[in-house]
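Okay, structure first, notes after.
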Amino acid sequence: MSNGDFGRLEFLRRLGRLPSQAQMVQQPSMGPARVPPSIMRQPSAPALSPSMQRLADLNAARYVAGVPSPYRMPSPAAQPAVDGGPQLPPPPTQMARPAGLTPMDRAGLAAGIAGLQYAGPQTQPTSFAQGLGVMGQAAMEAFDVAEQREEERAAAKAEAERQRRADEAIAKYRQAQLDLKREEIRADAAAAKAQADAEAAKALLPDVKGESTLRREYDQQSKSFVNARIGFEKLQEASLGDPSAAKDLSLIFGYMKLLDPTSVVRESEQASASNAAGVPERIRNIWNRLLTGERLTPEQRLDFISSGRRLFLPYIADQTEREKFYSGLAEEYNFKAARAVPTKLPEKGSRTNPYIYANEAEAEAAGLTGFAYIGGRFVEITE
């Protein structure tokens, strides 16, 4: 059997088209062994996978027709003979890699291709065992390479899956951190808003303690005006109607309060330097004589009334400025001025702050009721 016949038969046998080598018969008298037609007609081996079957059929057809196989790569150089043996062709270094082949499929394919390469003309005779060795070596190398690549692909796939899961875990972690940060920002904003609302609500509530402190100071500073206003009210009331001893006492008592708002003299006791230090001695003496039953002359009465009215005007001006000052303080402290600084000025038209008209016609034209000075005369206007 020539090397070409051996390669063809071995390739066909590896493809399942022929029985094993042991079934072949070689007759010395007939020359190289031939395969009996009966053997060629025996049933083929179990079918290969579809991809392997197509590949084997294609290569067998090409080989029979003498067309070079696309899976046979040109060898750079033949391997030198070892220990005087034949010069062997190099094993296949590259081969096409159809999809869907297992490492075992690739090993079988590599063995077949190596057999085809080895079946070509050789410079020295070769044996069947050498061909089997070449094919076996090619099969083992192809199997190892295919298996290694399968392992590498599996490892790469596992690494890609691990990396994907790691990336997903990192993305989830970062998203969770972002969500947590958003929640913290929302919580801080809600807390800040709640605090601002609480402060705003607190600002709307009256500062009772602060207002009380300011009001006590304001009342203390207004004490002289209040006493002077009380005295002036008595003087004004005494000036109405017909004179009497009681009205004279009330008029002088009110006049002394205008002169010294801090005096503690009472209407039923003698005035002295100890209880009316700010009242001139002449006025104290008049007061003391009135307590004994004396009466004021008409001239004295008019003089005390007009003088008392002039004395009360500065009290009005001072109290106006005082209330303006303390009202400004209340606004600065966000107090309600009406509570912290209640006005102590008399209302217009009262005894201590009467309207002023030049004559009766002007008073009638105003159409107001209350107390008024009409032409210098103190009267009460009613409906």
Added length on full extension, which subtracts the Cα-Cα distance from 0.36 nm per residue, residue 246 to residue 274: 7.7 nm
Pairs of alpha carbons in segment 244-370 whose separation is greater than 18 Å (percent): 65 percent
Highest average packing first - 109-120, 183-194, 367-378, Cβ atoms within 10 Å: 109-120, 367-378, 183-194
For segment 211-345: relative contact order, % (alpha-carbon pairs under 8 angstrom, 6 or more apart): 30 percent
Highest to lowest packing among 258-269, 225-236, scored as the average C-beta count within 10 Å: 225-236, 258-269
Cross-link partners of residue 234 among aspartates and glutamates (Cα-Cα below 14 Å; sequence separation of 8 or more within a chain): 248, 267
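Taking the Cβ of residue 245 as the centre, find all other residues whose Cβ is under 12 Å away and add up their charges (Lys, Arg: +1; Asp, Glu: -1).
+1
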Environment charge of residue 171, counting only residues whose C-beta is closer than 12 Å and scoring Lys/Arg +1, Asp/Glu -1: +2
Rounded FRET efficiency, nearest 0.05, which uses the C-beta distance separating residue 164 from residue 334 and R0 of 56 Å: 0.35
Potential lengthening between residue 321 and residue 300 on full extension [0.36 nm per residue; Cα-Cα distance subtracted]: 4.3 nm
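Values quoted throughout were computed directly from the atomic coordinates according to the rules given, and no laboratory measurement underlies them. Source: prediction; values computed, not measured. When we count neighbours, we look across all protein chains shown, and the Cβ atoms used for this are built from the backbone with ideal geometry, even at glycine.
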